[in-house]
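One structure below.
Any read-out appearing in this document is the output of simple, stated calculations on the displayed coordinates, not a laboratory observation. Computed from a prediction, not measured in an experiment: that's the story for all the values here. Because the Cβ atoms are built from the backbone with ideal geometry, glycine has one as well, and the counts that use them run over all protein chains shown.
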């Protein structure tokens with residue numbers, strides 16, 4: 001990693017400035033000394049525009065920290081012209097957006113489109129009001145880039161207008177509006193503050209010296225709630241077109257990836273809220289994220305987020321901004337359990353990397369079959385922002401036990417697939433295919449980490465909406481992403497997750513049993529090459545020194561509505577992982593015959609790795625398949641052909657307790673098992 005010396009010097013200067021603030025805070029110096037000249041800095045609303053020259057670039061706080069009185073004064077003064085308003089996250093009353101380009105332009109680092117959640121075909125507005133020609137700009141930059149751009153004057157700021165608490169011991173508090181505000185204050189020539197007794201005095205690095213403020217006015221209007229900040233956006237997200245059933249299924253899949261003691265970091269997409277109802281299933285969760293929202297606040301009050309196992313900032317939620325109800329605002333006032341830190345800290349990959357079990361959950365608009373993720377735009381339409389996605393993904397990669405998780409519904413409200421063979425032309429790639437890890441839809445979890453293009457395609461098609469799986473399969477074959485011979489049978493039916501279970505062997509080893517997946521070809525191949533020549537001969541009735549691709553596809557890519565194959569993995573993979581570091585040690589399967597007279601009488605077979613024989617896995621798999629067969633309508637019996645000298649297999653079949661008939665022909669013993677109506681032996685705990 002290359003290091004920019006100017007970045008180092010800038011960081012040193014910033015840290016020194018912050019240390020100065022900390023020293024003064026700790027010293028408890030006389031307030032009259034540190035606030036000297038404070039009263040002389042007060043100006044009236046009518047005087048505000050005299051402090052802002054025409055042609056200025058003006059930074060204003062975001063969300064509940066938007067300085068609305070100053071904005072209104074600027075708009076009401078007809079002499080105030082050619083002003084560029086810079087805002088990280090627009091919200092609340094923004095009267096300047098109703099003006100013409102000769103008076104005001106807006107430059108934002110995040111789009112709050114009415115349709116950010118929907119991903120509609122046409123973008124009505126980047127902001128909650130109609131956008132006029134050239135009035136609003138969106139800057140697609142990552143959070144970590146902003147301080148450097150200010151230092152290098154790539155982004156120019158003449159005036160910083162902020163919202164703060166009343167002064168206390170020589171300091172004002174930024175309250176909720178910490179984000180990058182300190183960087184803008186340092187870069188600005190003039191700092192104007194709206195002072196409000198309604199702004200909570202928040203803990204963390206949220207304080208500024210009174211001496212850093214040049215002018216101030218008093219505005220005691222209460223802070224706006226989320227619903228008041230974005231009434232149209234809230235309405236649209238509530239009517240997003242996705243069913244609650246879809247959201248619940250996504251949330252249930254997401255929670256499988258979250259271990260106890262994890263620390264969560266959420267992207268800005270409202271899609272991530274689908275996991276919130278299920279987080280109470282986990283213990284001792286931590287929160288380190290950009291924005292504290294109402295849902296997160298409620299979970300902290302309930303004790304779901306107690307931050308007790310965080311390896312950085314133990315005991316505290318760490319955020320850079322907040323918006324929600326008045327109750328949330330009161331909760332944050334002088335509360336050490338919530339630390340407000342600059343975005344440069346909250347999103348620093350080196351800080352994030354020190355947090356063990358960091359779970360980054362990002363929402364997406366589209367994902368292609370190679371793993372490229374678009375979260376801020378579709379084609380040439382913008383719906384969100386890049387913001388901290390890059391830094392969050394890097395941090396999760398550095399984190400011990402960290403995970404990078406992307407969630408999205410399998411299709412958009414207008415009925416199109418959100419998993420596509422290629423991204424729509426013009427879409428921005430927010431997360432590259434080399435940096436992606438987990439993709440989650442309501443149909444399952446795709447672990448793409450370390451996977452080939454072929455494996456990614458097969459895995460992602462498996463969690464796409466069933467209506468589009470055949471189409472995606474055809475397109476992937478046409479692009480040579482996957483073999484033209486790939487059957488695609490598994491895409492015709494739902495993956496039977498209800499058959500996943502843990503099992504304890506005779507010697508006390510815990511193994512994981514699950515249905516085979518189309519992406520398991522390499523797992524099956526490796527399993528084959530661990531078998532002895534004798535075991536291969538007993539299973540396939542002939543010598544084999546390789547496993548052809550067509551056979552692998554036949555065994556892995558099955559139609560779950562008619563066929564079944566259960567594989568045994570050891571050690572059990574972590575939740576959400578397909579395999580992880582697990583090895584396949586056994587397989588049991590049946591295949592239905594296409595011949596009409598054999599319908600309902602599938603052929604069964606199973607194989608146990610040589611070094612795991614004697615653990616009871618053969619009998620377990622046979623009895624498990626017998627049990628599973630009850631959920632398949634029309635299965636009358638199971639058939640098995642075994643070499644006469646395969647004494648181990650014959651012993652399992654003949655002592656299973658399942659009634660059978662057998663016949664012999666040319667050294668092969670054929671068994672027919674009539675399925676019992678009731679099977680009582682415990683076969684595993686469904687998970």
Just rank 52, 458, 439, 551, fewest to most, by other beta-carbon atoms within 10 angstrom.
551, 52, 439, 458
Please compute the length gained on full extension between residue 93 and residue 477, using 0.36 nm multiplied by the number of residues separating them and subtracting their Cα-Cα distance.
133.1 nm
Figure the gain on full extension for residue 137 and residue 655 (residue separation times 0.36 nm, minus the Cα-Cα span) and round it to one decimal in nm.
179.0 nm
Here FRET efficiency (C-beta to C-beta, residue 662 to residue 156, R₀ 60 Å, nearest 0.05) is 0.10
How long are the three semi-axes of the equivalent ellipsoid for the stretch 497-686, computed from the Cα gyration tensor as the root of 5 times each eigenvalue, in whole Å, largest first?
23, 20, 18
Cα-projected label distance for residue 211 with residue 522, points at 7 Å along beta-carbon direction, nm
6.1
For the stretch 383-523, treating each Cα as an identical point scatterer without solvent, what Debye log10 I(q)/I(0) comes out at q = 0.10, 0.11, 0.20 1/Å?
-0.41, -0.49, -1.36
Inter-label distance for residue 611 and residue 379, nm, one decimal - labels placed 7 Å from Cα along Cα-to-Cβ:
5.6
Give me the three principal axis extents of the stretch 277-355 from the C-alpha atoms, as integers in angstrom, largest value leading.
33, 27, 20
Does anyone have the angle between helix 5-27 and the longest principal axis of the chain? Alpha-carbon axes, 0 to 90°, nearest 10?
70
Any idea how far apart residue 51 and residue 636 come out in nm if each label point goes 7 Å out from Cα toward Cβ?
9.0
Rounded tilt (10° steps) of 244-255 against the dominant C-alpha axis of the chain:
80
If r is the Cβ-Cβ distance from residue 244 to residue 283 and R0 is 30 Å, what FRET efficiency results, to the nearest 0.05?
0.70
As an exercise, use a Förster radius of 41 Å and the Cβ-Cβ distance of residue 542 and residue 429 to find the FRET efficiency, rounded to the nearest 0.05.
0.25
Once residue 647 and residue 44 are pulled to full extension, the length gained, defined as 0.36 nm per residue separation minus their Cα-Cα distance, is 207.4 nm
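Give the order of 180, 321 when sorted by the count of other beta carbons within 10 angstrom, beginning with the fewest.
180, 321
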Helix 617-629: inclination vs the chain longest Cα principal axis, degrees, rounded to 10, gives 80
Working from the alpha-carbon coordinates of the chain, get Rg over Rh, Rh being the Kirkwood radius.
1.09
As a check on your grasp of the helix formula, calculate [θ] at 222 nm for the chain: sum -39500 (n - 2.57) over DSSP H runs of n ≥ 4, divide by the residue count, round to the nearest 500.
-7000 deg cm²/dmol
Just to confirm my numbers, what's the Cα centroid distance between the stretch 444-497 and the stretch 342-371 in Å?
26
